[in-house]
Amino acid sequence: MANNIDATLAALADPTRRRIVELLRERPRRAGDLAAAFEISTPSVSRHLRVLRHSGVVTGHEVADDARLRVYELQREPFTALGTWLDQVQAFWTDQLGAFREHVEQATRAEQ
């Protein structure tokens, strides 16, 4: 699981790739449609899509009528794994803060 989270975080570390993910949250899109949303070259967008594909964040499917076109869509699994990990980290901090609050309350009662 750690390797998958590492790959997801590495893929999402770039702001262009995060913007691609935001666009794909709205709906699946063709590579050309994604490229049109940026002020960078189409090959650069293709490289970002390749990173997202290799990390498992997106998949690309060929269009039935034209094998040259690919439609990209988000995959749920990497985000689910990342969310689970973040929930565990959040639970740790919630426990730590709860223990600190209890300590402060006990110290306050002892002073009174």
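Enter the angle in degrees (range 0 to 90, nearest 10) between the Cα long axis of helix 76-111 and the first principal axis of the Cα atoms of the chain, meaning the one along which they spread out most. Helix 76-111 sits at roughly 20 degrees to that axis. Taking the C-alpha atoms only, the angle from helix 15-26 to the longest principal axis of the chain is near 80 degrees. For the chain, the longest principal axis of the C-alpha atoms and the axis of helix 42-55 are separated by about 50°. With Cα atoms as the point set, the radius of gyration and Dmax of region 1-90 evaluate to 13.6, 47 Å.
When the helices of the chain are scored as -39500 (n - 2.57) per DSSP H run of n ≥ 4 and the total is divided over every residue, the value at 222 nm lands at -23500 deg cm²/dmol.
Every number in this text was worked out from the coordinates using simple rules, so none of it is lab data. All of these numbers come straight from a predicted model, not from anything done at the bench.
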